[in-house]
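The values are calculated or read from the model by the stated rules, or taken from the named source; none is laboratory data. As the structure is a prediction and not an experimental result, all values here were calculated from the model. As a convention, Cβ positions derive from the backbone with ideal geometry for all residues, glycine included, and neighbour counts pool all protein chains shown. Ligands, DNA and RNA are stripped out before the accessible areas are found, and what is left, the full protein with its side chains, is counted by its heavy atoms. Shrake-Rupley method; radii C 1.70, N 1.55, O 1.52, S 1.80 Å.
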Amino acid sequence: MKENKNNTPFKAEDVNWEELAAIGILKDELEMAGELDTLRGERTNVIALSLVLLGVDVVMDATLQLVRKNDTPLLEINGIRPIGQ
């Protein structure tokens, strides 16, 4: 497995799953998609997301990656631009 930007993979328990669930990113769904282990140390494959951000519904395809910010995991969501745009 590739490691994250600081060469230390995250553990699933390092992530605040309650906070992510509040916006629509669920640990169980990532696990069922086979992306939970990938997320711990590298960028996931493209995932269809349906998020609620500040009361706004956001539907998008994106990759996810955990990075370190002040020794805490921070989830990066990288939106994918549709082909031809």
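What to note about this one:
- Note on the chain: helix-only mean residue ellipticity at 222 nm, from DSSP H runs of 4+ residues weighted -39500 (n - 2.57) and normalised by residue number, equals -4500 deg cm²/dmol.
- 15 Å reach of a label modelled at Glu18, 7 Å along Cα-to-Cβ, counting backbone N of segment 45-85: none
- About its Cα centre, the dipole of segment 8-74 is roughly 260 debye, where the only charges are +1 on Lys and Arg Cβ and -1 on Asp and Glu Cβ.
- Taking the charge dipole of the chain about its Cα centre, with +1 at Lys and Arg Cβ atoms and -1 at Asp and Glu Cβ atoms, the residue from Ile80, Ala33, Met60 reaching farthest to the positive side is Ile80.
- Length gained when the stretch Lys11-Leu54 is fully extended (0.36 nm per residue, less Cα-Cα span): 12.7 nm
- Per residue accessible area of the chain, 1.4 Å probe, in Å²: 70
- Nearest-20 debye value, segment 37-83 charge dipole, Cβ charges on Lys, Arg, Asp, Glu: 120
- Look at [x] 1.51; [y] 1.69; [z] 1.08: the one that is Cα Rg over 2.2 N^0.38 Å derived from this structure is [z].
- Under a 5 Å amide H cut-off, with hydrogens placed 1.01 Å from N, Asp61 pairs with Leu49, Ile80 among residues at least 5 apart or on other chains.
- Inter-label distance, nm, simple model (7 Å from Cα along the C-beta direction), Leu26/Asp71: 3.4
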